[in-house]
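What follows is calculated from the coordinates using simple rules that are stated; it is not laboratory data. Nothing here was measured: the structure is a model prediction, and the numbers come from that model. Every residue, glycine as well, gets a Cβ built from its backbone with ideal geometry; the counts of neighbours run over all protein chains shown.
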Amino acid sequence: MEQLRKERVDRSLKVRTEGLYAISSIEEILYLIGPRLLFVAGILLLPLIFEAAPYWKRVVNVMCAYALVAISFDFLSNFVGLVCLGGALFTGVGGYFTAIYNRYFSFPIYLSIPLATLSGALFCTLVLLPALPLRGVYFAIITLMYPLLFSRIIEALNVLGGTNGITGIESFPDPYIEHYAIILPMLFFLFATRRFVNEDIGLVFRGVKDNDQAVRASGINVTLIKVYAVFIASLMGCFSGAYIAHMYMWAGLSLFALDFSVIPIASTVIGGGGTLIGPVIGSFILVPLSEILRAAGTLRIVIYCVVLTLFIILKSEGLMIYLQRKYHQFERWVKV
Amino acid sequence: MEGKGYEANLEERSPMLEAKELLVFYENMIALNNVSIKCEKGEIVGVFGSNSAGKSTLMYTLSGIILDIKFKEEMRGGERISVFGKILFNGCEISSMKPHERARLGIILCPERRRIFPESSVLENLLIGAFLSRKERKENLDYVLNLFPRLKDHLKRQGGFLSGGEQQMLAIGRALMANPKLLLLDEPLLGLSPYYQEIVINGITQIRETKKIGIIVTEQYARPLMPIIDYGYILENGSSVLSGTKEELMDNPDVKSAYFGV
């Protein structure tokens, strides 16, 4: 009886490009940077491609904003082991901070967004601090509750515009500035985190995820490491929130909406967790999909859920992991 | 090195468990290479080998856990695990059965590193093990507590707070609660002091004598277990390099130096 087994083998090109010799031929250089180049160029060209459809140009911005929150989720959950169910906390805090700076202190837009990003991240890290020394569901629960808490506080005390939100926030001076004000930071954060998780401190982050006791035994303060990680993740989330507030010229309770928590998680599932680029691709699929489904009215959520469930059943590894494997390896049948 | 008398014996009746030509690949790495193993009712079979010899993979393959690992790896896009070969249990082909179905047939695994439920008490741990045989659970409980009297003193304590030796007894006890016909013990002596090793080994012998079930036990260091086994296999890098009865193995000079430290 002959038994066959499917074997996965690295492409010879991949093996050749692993060492320094990769720079010896154009083909190998292209193999290495081709996908990245294609990805970056594609994203940079998106606003130009959608020149003909002004509505969709807005969607491109929203897509990138969600992608940034998704990167922060992927970074926290797959590299530090903190499951954050509250992307909405970051976007909400970032949005309201920039609104306060811009409206109440009259800071110009190029000052209010960076300030809101930094101070918002600091604020988020502070409020999340109590849950950081603990392991388990505490962090997930507390991140899920905070957006609710803050939106109810604003609603009940009628501060910061109450239910109407803060209106009249300065908008971007030019539509192209508006596009690239999110696309460039998104790409920057994407490649920065990718590099970051492979640096020394990134290795410690992954160690915290795998076994925090062993990290403690190596003389590293785990809580401090988690504080750094949460700060970095909230930087991305707060920037995204601040950007959205300026884009809509409005900071309202919807910045704390569940969408900002759920869609990034779903994007990470679809794109493939632990790749950082996967969440971006995931949100580039999910956000336009949910825009298209607006026509379906109430059924939107139903269709959305079905798509997600199908993804989990059929390709639960995530698109990016699948693509990476196909790119680097080929398969063949071999005799056992 | 094959024991002739043993082979002749096997031809008369088909063994309780017979695994033929097991092949397991973790991606392209071969973890088990053509391993065949037999276990008779009332017999203790020892599987010895160093780290990475494939002992745990063999246990996972026999108990079916490998299929579960395979499924999970597939879902998250990890390594591809391929399993080939035949496993016959009382003459039935079980190689495609899920682990819980095999457990219902009576193949119970006591996993490496014990894997007890750390937040349940000792009694609860044992009762969880008895889920498949609730009718006999009173007798089984008495049996386990007689076998390992130390557990009696800690019935209400959380499993995670027991010492390593007690946790091992608990793990074996939990496996026994399921009324096994074939008990798979994966490194039951791992990290135990000689004193506890003796208790566990005595326990294993007693199980064989009173329950008349088949037991397959793996270990790295063969000396403590050698006196009680009936038949032994030696694995090296995934292949079974030697097999034979206790005497045959003990006489082999290679085995002596490698697994007895002589």
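Listed peptides A:160-173, A:112-125, B:156-169, B:174-187 appear in the order B:174-187, A:112-125, B:156-169, A:160-173 once ranked by packing, highest mean of other Cβ atoms within 10 Å at the front.
Using R0 = 45 Å, the C-beta based FRET efficiency linking B:Glu27 and B:Asp254 works out to 0.90.
Net charge dipole, chain A: roughly 680 debye, given to the nearest 20, about the Cα centre with Cβ charges of +1 for Lys and Arg and -1 for Asp and Glu. With a Förster radius of 41 Å applied to the beta-carbon distance between A:Leu293 and A:Arg195, the computed FRET efficiency rounds to 0.70. Legend: mean number of C-beta atoms from other chains within 10 angstrom of residue C-beta atoms, peptide A:317-323, equals 2. Prolate is the label for the stretch A:4-335. Its Cα gyration tensor axes, ordered a ≥ b ≥ c, give a/c of at least 1.5 and a/b above b/c.
Amide H contacts of B:Ala31 (H built 1.01 Å from N, in plane; Pro and chain starts excluded): B:Val24, B:Phe25, B:Tyr26 sit under 5 Å, all sequence-distant by 5 or more or on other chains. DSSP beta bridges confined to the protein assembly as shown are antiparallel in about 65 percent of cases. Give me the angle, in degrees from 0 to 90, between the Cα long axis of helix A:259-271 and the longest principal axis of the Cα atoms of chain A, rounded to the nearest 10. For helix A:259-271, the angle is close to 10 degrees.
For the protein assembly as shown, the mean residue ellipticity at 222 nm estimated from helices alone is -17000 deg cm²/dmol, where every DSSP H run of n ≥ 4 contributes -39500 (n - 2.57) and the total is divided by all residues, rounded to the nearest 500. In terms of the mean number of neighbouring beta-carbon atoms within 10 Å, the peptides B:230-236, A:294-300, A:33-39 order highest first as B:230-236, A:33-39, A:294-300. Take each residue of peptide B:33-45, count the partner chain Cβ atoms within 10 Å of its Cβ, and average: the result is 0.
Computed extension gain for B:Phe71 through B:Ser96, at 0.36 nm per residue and net of the alpha carbon distance, reaches 7.7 nm. Exceeding 24 Å between C-alpha atoms, which entries from my cross-link table qualify? They are B:Lys55/B:Lys98; A:Lys6/B:Lys20; A:Lys326/B:Lys55. Checking Cα-Cα distances, A:Lys326/B:Lys55 exceed 24 Å.
For chain A, the longest principal axis of the C-alpha atoms and the axis of helix A:175-196 are separated by about 50°. Extension gain, A:Leu308 to A:Glu28, is 97.2 nm, computed as 0.36 nm per intervening residue step minus the present C-alpha separation.
Take each residue in B:75-83, count the other chain C-beta atoms within 10 Å of its C-beta, and the mean is 4.
At a Förster radius of 45 Å, what calculated FRET efficiency corresponds to the Cβ-Cβ distance of A:Leu44 and B:Asn51, to the nearest 0.05? The pair A:Leu44/B:Asn51 has a calculated efficiency of 0.30. DSSP finds beta bridges in chain B, and of those with both partners inside it, around 55 percent are antiparallel. Converting phi to 3J(HN,Hα) with the Karplus coefficients 6.51, -1.76 and 1.60 and the offset θ = phi - 60°, the stretch A:100-112 yields 5, 4, 6, 8, 7, 9, 6, 6, x, 4, 6, 9, 5 Hz in sequence order, with x at every glycine or proline. Compute the Cα gyration tensor for the stretch A:201-336, then decide on rounded, prolate or oblate, letting a ≥ b ≥ c be the square roots of its eigenvalues: rounded whenever a/c is under 1.5, prolate when a/b is larger than b/c in the other cases, and oblate in all that remain. The shape class here is oblate. Label positions at B:Val241 and B:Glu198, each projected 7 Å from the Cα along the C-beta direction, are separated by 3.2 nm. Once backbone amide H atoms are built at 1.01 Å from N, B:Ile87 has B:Lys20, B:Ile94, B:Ser95 as its partners under 5 Å, excluding neighbours fewer than 5 places away on the same chain. Listed peptides B:202-209, B:191-198 appear in the order B:202-209, B:191-198 once ranked by packing, highest mean of other Cβ atoms within 10 Å at the front.
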